[in-house]
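The structure appears below as structure tokens.
The values are calculated or read from the model by the stated rules, or taken from the named source; none is laboratory data. Please read all numbers here as calculations on a predicted model, not as lab measurements. Methodologically, a virtual Cβ is constructed for each residue, glycine included, from the backbone with ideal geometry; neighbour enumeration extends over all protein chains shown.
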Amino acid sequence: MTEKEVGFVSLSKGTGASDASWREIGVGMLGYGFMGKAHTNAYKKIPYIFWPPAAKAKLVGICGVPQEAAEEAARRYEYGRATSDWRVLIADPAIELLDNCGPNNLHAEPCIEAAKAGKHVLCEKPLARSAGEAKRMWNAVRDAGVKHLCSFNYRFVPAVRLAKELIDAGEVGEIYHFRARYLQEWIMDPGFPWVWRLSRDVSGSGALGDLGAHIIDLSRFLVGEPASLSATTETFIKQRTKPGGGEVVPVDVDDAFEAIVRFENGAIGTYEATRFAGGHKNGLTFEINGAKRSLRFNLERLNELEICDVKRGQGQGFRTVSVTESNHPYMSAWWAHGHNLGWEHAHIHTLHHLLDSIANDTDVAPYGATFEDGYKCAVICDAILASSVGGERVSIQY
């Protein structure tokens, strides 16, 4: 009995499931850890979630050290080849997009060289260790004319995008307040060993760049440009022991910061981030108070957006909207209403946006964060550090 007689149709190359009509974009991944896994997961899911895909990622090569670990990552994630030298990725003609998930001190040079080679560039946040370094990266991708995205993935959470749509439609009205905090607890133990995130030379800053960069970007995305700020930082545990009980080294980055912000549109606000908030695993929250509505979001309940209609809400408070309906941002690609998404899905939306921009030659901005956005966030981070050191209010100047 033939396949056709039992009801099967064989899909040969060029038809149906094997149709190669979509654009294939070769990806070279720098870094195989936490974010490398998240990005790879996104590339694998995009083609069947966003169907038919505007583009499909071809996982060409992955880079990391040591070489043996890179090879293991290539087998695990199904990249075609592995290397311990990022220059090999950039030299590979099969790679069209460099995805940089390396530590912060490996953001600038690989991204700049990739842009010079004519490759599109995605870089994890923070874009760089300083505003000067970020500016060189932005200049490089702009001069090369390649697509560029700084992976501020929380822009692509459906509830955050719904907040953006309400603000842009005038539904919130004049904005009075923006307050945001990003709280974690993972280095509170004095016995926690030194890691690269605790080194200024490698990371540029501590909780500020690791966590604060996210809420700073969200403030620019949702409210507008900050005009000035005053801030303070603190390092609670000033030295750590290197892994294995060896050398004791100083911690020269911030464990926490607080900032008071004035925006160009007249709104005022606060930024707060720390890795010393017991009980908080990944607690990013923000609240926006406007003349017509207030909005409230909590990443640990990322399928919800709390909304208070000011005129009707006085005495009643906030109502919770489950952002899972098919007419909500991105949800038509996913499950039936009421079926929640998780943290990984923001990366899927982010990378889908970038691949679509490459395939169809559309702008990454304004919804995706470009290297310009990454640079402006770095300027604000530098201003927070300068205010903390000098004890004075600092104007934001790009």
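Take the conditions assigned to a loop (DSSP other than H, G, I, E, B), modelled with pLDDT under 95 and small (Gly, Ala, Ser) and apply them to GLY315. Does it pass?
Spelling it out, GLY315 is indeed assigned to a loop (DSSP other than H, G, I, E, B), modelled with pLDDT under 95 and small (Gly, Ala, Ser).
Taking ILE260 and the conditions (1) free of Cβ contacts under 8 Å to residues at least 40 places away in the same chain; (2) loosely packed, with under 15 Cβ neighbours inside 10 Å, which numbered condition does it fall short on, given that it satisfies the others?
(2)
Need at least 2 residues that are over 21 Å from the mean Cα position of the chain (by Cα) and more than 21 Å from VAL389 (Cβ to Cβ) per element, so show me which strands (runs of 3 or more DSSP E) inside segment 186-259 make the cut, counting only ones lying wholly within it.
So the answer is 239-241, 248-250.
For segment 263-284: of the residues being in contact with a helix residue (DSSP H, G or I) (Cβ under 9 Å, 6 or more places away or on another chain) and of a type in the set (S, T, N, Q), which is surrounded by the most Cβ atoms within 10 Å (Cβ to Cβ)?
By that ranking, first place goes to THR274.
Do we have any residue at all in segment 59-81 that's assigned to a helix (DSSP H, G or I), within 17 Å of PRO110 (Cβ to Cβ) and charged (D, E, K, R)?
Looking for residues that are assigned to a helix (DSSP H, G or I), within 17 Å of PRO110 (Cβ to Cβ) and charged (D, E, K, R), one finds none in segment 59-81, hence no.
Under 22 Å from the mean Cα position of the chain (by Cα) and surrounded by fewer than 23 Cβ atoms within 10 Å (Cβ to Cβ): which single residue out of GLU124, GLU68, GLU109 fits that description?
It is GLU109.
Filter segment 222-250 down to the residues that are buried (at least 19 other Cβ atoms within 10 Å of the Cβ) and of a type in the set (A, V, I, L, M, F, W, C) and list them by number.
LEU222, VAL223, LEU229, ALA231, listed by residue number.
For every residue, the table says whether it meets (1) touching a residue at least 12 places away in the same chain (Cβ under 8 Å); (2) assigned to a helix (DSSP H, G or I); (3) under 21 Å from VAL160 (Cβ atoms).
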site: GLY338; (1), (2), (3): yes, no, yes
site: GLU344; (1), (2), (3): yes, yes, yes
site: LEU355; (1), (2), (3): yes, yes, yes
site: ALA359; (1), (2), (3): yes, yes, no
site: VAL379; (1), (2), (3): yes, yes, no
site: ALA386; (1), (2), (3): no, yes, no
site: VAL389; (1), (2), (3): no, yes, no
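Taking the condition in contact (Cβ under 8 Å) with a residue 60 or more places away in the chain, in contact with a Ser or Thr (Cβ under 8 Å, 6 or more places away or on another chain) and of a type in the set (A, V, I, L, M, F, W, C), does LEU122 pass?
Against the criterion (in contact (Cβ under 8 Å) with a residue 60 or more places away in the chain, in contact with a Ser or Thr (Cβ under 8 Å, 6 or more places away or on another chain) and of a type in the set (A, V, I, L, M, F, W, C)), LEU122 qualifies.
Tally up the residues in segment 77-90 that are surrounded by fewer than 17 Cβ atoms within 10 Å (Cβ to Cβ) and farther than 27 Å from ASP356 by Cβ, please.
Number of matching residues: 4.
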